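Right, one structure below, let's go through it.
Values in this text are rule-based calculations from the coordinates and carry no lab data. Nothing here was measured: the structure is a model prediction, and the numbers come from that model. All Cβ positions, glycine included, derive from the backbone under ideal geometry; neighbour counts span all protein chains shown.
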Amino acid sequence: MNSLLMVERLVLEALSESKLTFRDLQSSTGIRDLLLSKIAENLVFKKLITKEGDFYDLNRSSKIKYLPTAQSIPAIKVEIKELLSTFVNSYFFEGKKKETVLKVQKIWVSPRDEVIFNSMIYNLQKFVEGLNNQRGKGVKAKVRDKKVIFWGVSSYSRLVEESLTAV
C-alpha cells in the first residue's frame, strides 16, 4: 500500500502552495535538518517532489498518478490511525506541557438530545470549514502551526462489535 508517513504528508503540505528552499521547508515543518534531508531524499526518490537547484517542489505530474493511492480509503485509515495514536500518546505523555486536549465520554443520549448534538456537530464542521477558507492563498503560514482536531460519534455497541471483528 502506498500510504505516507505523517512527516511525509507534512512536507508535501508545506510544498503544496509553492516551492521552498531547504531552510524554508525546515522552518515551515519544524522537522530537524538530518531527518528532513532523509525525508526529502526519499520523496524525491518516490518522485513525489523534485529538487531544482536550491528549491524543492511538488512533482505535479507524478502527484496526479500517486494521489489516488495516497488518498485511498486504506491510506486515509492509516493516516487517521497514526494521528489518533500519536494524539493519545501526546496527551498521556508525562512531564510535557499540556497542549493536547482530549475528552471522551460514553453517554446515554435521548432522541431530542441527539438532534441537538448533531446540530452542534454540523455547526462545528461549518466553523472549521470557515477557518480553512478565511486563510487566503499566498499567506505564508507554517504548516507546523496548524491545529489538529477530531470529532465524531458512534454507538458503543458498534465500536465493540468492530473491535471483535478485528481480533
Using a Förster radius of 30 Å, what is the FRET efficiency between residue 83 and residue 163 based on their Cβ-Cβ separation? Nearest 0.05, please.
0.95
Under-5 Å amide H pairs with residue 15, H placed in peptide plane, nonlocal only
none
Suppose only helical runs count, i.e. DSSP H with n ≥ 4. What mean residue ellipticity at 222 nm does that imply for the chain under -39500 (n - 2.57) per run, divided by all residues and rounded to the nearest 500 deg cm²/dmol?
-18000 deg cm²/dmol
How big is Rg to Rh over the chain, alpha-carbon atoms, Rh as the Kirkwood inverse-mean-distance radius?
1.02
Give the calculated FRET efficiency between residue 142 and residue 108 to the nearest 0.05, with a Förster radius of 41 Å applied to their Cβ-Cβ distance.
0.45
Two-site label geometry, residue 117 and residue 41: point separation in nm, points 7 Å out along Cα→Cβ
5.0 nm
Expressed in nm to one decimal, what extension gain is obtained for the pair residue 99 and residue 21 from 0.36 nm per residue of sequence separation less their Cα-Cα distance?
25.1 nm
Ignoring GluC sites (Glu not before Pro) buried by more than 11 other Cβ within 10 Å or outside DSSP loops, the longest site-free run in the chain is 1-93
Could you give each residue of segment 151-156 its phi-based ³J(HN,Hα) in whole Hz, using Karplus coefficients 6.51, -1.76, 1.60 with θ = phi - 60°, and x for Gly or Pro?
7, x, 8, 8, 7, 4
Contour minus end-to-end for residue 33 and residue 55, with contour as 0.36 nm per residue of separation and end-to-end as the Cα-Cα distance?
6.4 nm
Kirkwood hydrodynamic radius (C-alpha pairs) into Stokes-Einstein, segment 6-70, 4 °C and 1.567 mPa s, D in µm²/s
112 µm²/s
Longest span of the chain, sites excluded, free of trypsin sites (Lys or Arg not before Pro) in DSSP loop with at most 12 other C-beta atoms within 10 Å?
33-95
